[in-house]
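Okay, structure first, notes after.
The values are calculated or read from the model by the stated rules, or taken from the named source; none is laboratory data. Nothing here was measured: the structure is a model prediction, and the numbers come from that model. Here the Cβ positions follow ideal geometry from the backbone for every residue, glycine too, while neighbour counts run over all protein chains shown. Accessible surface areas use protein heavy atoms only, side chains included; no ligands, DNA or RNA. Shrake-Rupley method; radii C 1.70, N 1.55, O 1.52, S 1.80 Å.
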Amino acid sequence: MRFPLFASLLIATLIAASCSGDSDPSDSAADTQSDDPAEPDDVDVPEPDPDPEPEPEPDSDATTVATFNTRASGGQVMITGADAGSTVELRSDTGASIQSAEVDDLGNLIFRRVAPAAGYVVADISADPVAVSEPFDLAADDEHPDAEFYESQTLAEGLNYIEMRDGTTLAATVRFPDGAGDGPFPTVVEYSGYDPADPDEEEPTIGIYRQLGYATVGVNMRGSGCSGGAFSFFDPVQSIDGYDVIEAVAAQDWVEFGHVGMVGISYSGISQLFVAATQPPNLAAITAISVIEDTYRSTLYPGGIYNNGFAKSWADSRQGSNEAYGQEWVEREVADGDASCDANQLLRSQNNDLDQLSADNRFYDPSFMDALSPRTFIDRIDVPVFLAGAWQDEQTGGRFATMLDNFTNAPVLKVQLYNGAHADSLGPESLFSAVEFLDVYVARRTPILSPFMRLGASLLYGAVFGTEGLTIPEDRFTSLEEAKEVIESELPVRILLEMGSNPDALGGPAPRTELAVASWPPPAAVATTFLLGAGGSLSDSGVAAAGFESFIVNEARSQELTKTADETADGERDANEFDNLAWSALADTEALVYDTERFDEDVLLAGSGSVKLWLAADHDDADLQVTISEIRPDGQEMYVQSGWLRASHRASDTGAVDPDEIHTHLEADFTPLPPGEFTEVDVEIFPAAHIFRAGSRLRLTVDSPGATRNLWAFDVVAADGGDIILSLGDDTPSAVTLPLMTGLGADVIAPGLPTCGATRSQPCRPAADWVNQNAALG
C-alpha cells in the first residue's frame, strides 16, 4: 500500500533471519560386481595361480577437481552449477566437515552462518571420485576490499549493477536531479528488499530528495529484484553488501564531496542501522525512520507471542516477491533483454522459508538473533544519526526507543518521538527535519526550502492525509555554520505530543506541543508505582485492598484489529485511517480493570512501564496483554499503550522487569505455570509519551492479547474459556510502575483535551464503569 508521492506505507517488520539447515552427510557406496557368467564346457580353464598378486585396494582418498562454482562472503558459502541432488560438504583447511547438505534441483546450495577462516573447500561426496573445489577464504566482516575495487566501478544514470566483494551484483538505479547537469551532486542511497532499483517507478522517499537537488541511488538487496544471490531477512551478508554499495557509490565522480547519506522508511530505514554499523568510510549520515530495535521482541514475537498478523503477512509477501521473477519490474527487465537481471534470478531457489524460520525461532537464540537486533550493534555506528518513529506503529511496533542510549559512538544523534502510525515519519515535522539534517551533514549547505517546494509540499500533504493546515516547518538558518552549531547544541530528543489534535491540522501528523529532553527516558521522569487493589483500584499510597479477581480468556480477540472508524462514500477505507481507529469494548468477564484516583495536576507519562502480576491459571501457560489508557473528564477512554507476555517466558535478565530490562525469551528459561500456585509474572509496557490531564484517571486493563493494534494479531496458546486469577494484597503485591513527570508548563500542556477521533493511533471509546469479577478459590 502506498501513499501518493510523500508517504509510503511500506511493509517493514522483522522476520527471523537465515540460519543454516544442515542435513546429515551421506556416504556413497561402491558398486559391487555381479557373478561371473558360466564358462562353456569346451573351454580350457587355467589352473589357479597358487600365489596370486593381490588386487589393488580402491583409493578412498582419490579426488577430482570440482566443476561447480563457489563464492563466499558475509558468513555465506554459495555453490552453483553442482549436480542436482548431490550431497556436498563444506570442509575446513584440516579436512574437518563443517556442514553438509543436498544440492537443489537447479544445482544450487548456500551454507549460512559460516565462521571466517582460510582454506575452506567444498566437496561433492556423492561423486566417485569425490569432486573437491579449489581452496577459498571466507573473510571476516571487517576485512574489506581496497579502495581500487570500488573506484574501478562506473555507475551512470539508469539501471546499473554494482559488484560485491564475492562477485555477486546488486541492481542499482541512479537518478540525477532534473535539469541539474552532470554534477557533482549531494547523493543519498536507499537500500532495501522491496523495489528501490526499479528503473521505471521511483520510490517516494528518494523521489522527494531528488526534487530537493540530490542524486539518488536505489539499490535492491541481495536476493531481491534484479539483484543476485538468495534472500533472507538481514542475512549478515546484506550488511556487508551495504558497505560495498556505499563505497562504490561514493567513488563516482558525480558524487559531491565523495560521500553519501542514506534515506528511507521502515525496511530501508532499518537497513541503515545494519549498514552504518559496518562503518563504511564514506558514509556521511543516516536518517533511519520507523525502525525496530530487536527483530524478536519488537515485532516478530512481542512478549514471546508470535505476531501472526503483520509479521506473518510481511514474511509471506517477501517470500512471494523475492522468488525468481517474482516482481513485475523484474519480468519486464528480463523481457527487455536484461541478461544480468535474468542471470541474477538463479540462486533464488536457495531463498530461506521465512515462515519456517519464524516457527523455528520461537525462542530467542542470541547466537543467531543478536545479529538481527540493532540494539546489539548500534554502538558501532560512528556517523551522525537522525531517527524518528511512533509509539503505536502498527507495523514495526514502537519499542525502538528502548535502544536510544546505545548510540554511544554517533557524533550527533537527533531523535523525534510521537504518537501515531508507521508512515507518520514522512509527515512534515520528521521528514523535513531529516532533510535539514542531510543538508548539513551530506550536502554541506544551508537548509533552505524554496517557496515553490514549500507550497507544493503543503498541498500534497493535505491530499495525502485528508486535512488542510499541514505546513512545512519554517527555515531556521542563514548559514551552514549556524545550522551545524544549532543542531549540535539542541537537546537530542524531541517529543512531539498529541499528534493529530493540532487545531490547525486536525487529524494530520502535526503536534499540539512538544518537549525537548537530554535523553530517553527523560531524566526528570520518576518511576511511580501503583498497587492493584481488589475492587479495581490503583493506589500510589503503598496500600491496596486484598482479594482475588479473575477474567476469562478469549482466544478470538487475538485476531481482532483496530480498523478505521471512517469509510468513504463507496465503503472504502479513509486514506487518513490512523486519525480515527475503532477500539472495541470489552466483555464484562474478559478483562480486569484498575483505575487511579483523578489526578489533581497534569502528568506526563514518558518512557517504558512494567506490570507485576501475581497470577494463577487453569492451564500451564497464559498469554497476557496489559494496556494503559486515560479515563477523561468528558467520559471518553483514550488508548495510550500496551505490552504483552507469554507467562512461560517470564524469566528476565535480573529476575524482575523494569524499564531498563528485558525478558530473556531463552529456551533454557522456558517455565510453565505451576498448577494451582500463584506466580509472579512481570509484563513490559512498550514506551510511550502521553499527557494525563488534571481530572483524568489512569486505567490499567489486563486481558487476552488483541484489539489494540491496526495490523497485529497473536498466535495465542490454546486456553479459550480458561480462568486467569490475580492475587492482590500485601503478600502478593500486583503493581504497575510507570515513569511520570509533573510540573510542566503551558508550553508543553496545551489547554483542553486532545480530540477523540483525531489524535493519531490513539482511539477513544466510551469509558465503561467496570466491576471486576471476584474469583472463588478452592
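Straight-distance candidates among the lysines for linking to Lys484, with alpha-carbon spacing under 29 Å and chain neighbours fewer than 8 residues away dropped: Lys414.
The gain in end-to-end length when the Arg380 to Ser584 segment is fully stretched comes to 69.1 nm, 0.36 nm per residue minus the alpha carbon separation. Between the stretch 451-503 and the stretch 264-337, what is the separation of their alpha carbon centroids in Å? Cα centroid to Cα centroid, the span is 27 Å.
Here P(r) over Cα pairs in 10 Å bins from 0, in percent was computed from the coordinates, and among (1) 2, 9, 11, 10, 10, 8, 7, 5, 5, 6, 5, 5, 5, 4, 3, 2, 1, 0, 0; (2) 2, 11, 19, 20, 18, 13, 9, 5, 2, 0; (3) 3, 13, 22, 23, 17, 11, 6, 2, 1, 1, 1, 0, 0 the match is (3). With helices as the sole contributors, the chain gives -4000 deg cm²/dmol at 222 nm; each DSSP H run of n ≥ 4 counts as -39500 (n - 2.57), and the sum is divided by every residue.
Electrostatic bookkeeping for Thr467 treats Lys and Arg as +1 and Asp and Glu as -1; over the other residues with beta carbon under 10 Å from its beta carbon, the sum is -3.
Take the Cβ atoms of Asp730 and Asp128, set R0 to 60 Å, and the FRET efficiency comes out at 0.20. Ligands, DNA and RNA left out, the 1.4 Å accessible surface of the chain is 48% carbon and sulfur atoms. Amide hydrogen proximity for Val130: with H placed 1.01 Å from N in the peptide plane, the residues at 5 or more positions away or on another chain lying under 5 Å are Thr64. Quick check: the angle from helix 451-465's long axis to the longest principal axis of the chain, C-alpha only, nearest 10 degrees? In the chain, helix 451-465 runs at an angle near 90 degrees to the longest axis.
With respect to the chain, whose longest principal axis is taken over its alpha-carbon atoms, helix 310-321 is tilted by about 40°. Net charge near Ala775: determine it from the other residues with C-beta under 10 Å of the C-beta of Ala775, scoring Lys and Arg +1 and Asp and Glu -1. For residues surrounding Ala775, the net value is -2.
Relative contact order of the stretch 145-303, taken over Cα pairs closer than 8 Å and 6 or more residues apart, is 22 percent. Scanning the chain for trypsin sites (Lys or Arg not before Pro) in DSSP loops with at most 16 neighbouring Cβ atoms within 10 Å leaves 3-443 as the longest stretch between them. Converting phi to 3J(HN,Hα) with the Karplus coefficients 6.51, -1.76 and 1.60 and the offset θ = phi - 60°, the stretch 417-434 yields 10, 6, 6, x, 10, 4, 7, 5, 5, 9, x, x, 5, 6, 4, 7, 5, 5 Hz in sequence order, with x at every glycine or proline. Backbone phi angles across the stretch 725-739, fed through the Karplus curve with coefficients 6.51, -1.76 and 1.60 (θ = phi - 60°), yield HN-Hα couplings of 10, 9, 9, 10, x, 4, 6, 9, x, 5, 7, 10, 10, 9, x Hz in residue order; Gly and Pro are listed as x. Counting only DSSP beta bridges with both residues in the chain, the antiparallel share comes to about 75 percent.
Report the net charge of residues surrounding Ala371, where surrounding means a beta-carbon distance below 12 angstrom and charges are Lys +1, Arg +1, Asp -1, Glu -1. Taking every other residue near Ala371 into account, the sum is -2. Remark on Asn419: its backbone amide H falls under 5 Å from those of Trp391, Glu498, Met499, a criterion applied only to residues 5 or more positions apart or on other chains, H modelled at 1.01 Å from N. Couplings 3J(HN,Hα) for the stretch 689-697, derived from phi with the Karplus relation 6.51 cos²θ - 1.76 cosθ + 1.60 (θ = phi - 60°), are 9, 7, 8, 9, 6, 3, x, 8, 10 Hz, where x marks Gly and Pro. Take every Cα pair under 8 Å whose residues are at least 6 apart in sequence, average their separation, divide by the length of the stretch 472-626, and the relative contact order is 17 percent. Residues in the chain average 39 Å² of solvent-accessible surface per residue, probe 1.4 Å, ligands and nucleic acids excluded. The mean sequence separation of alpha-carbon pairs under 8 Å and at least six residues apart, normalised by the residue count of the chain, gives a relative contact order of 12 percent. Extension gain, Asp620 to Ala359, is 91.9 nm, computed as 0.36 nm per intervening residue step minus the present C-alpha separation. A straight Cα-to-Cα reach below 25 Å connects Lys312 with the lysines Lys563, residues fewer than 8 places away in its own chain not being considered.
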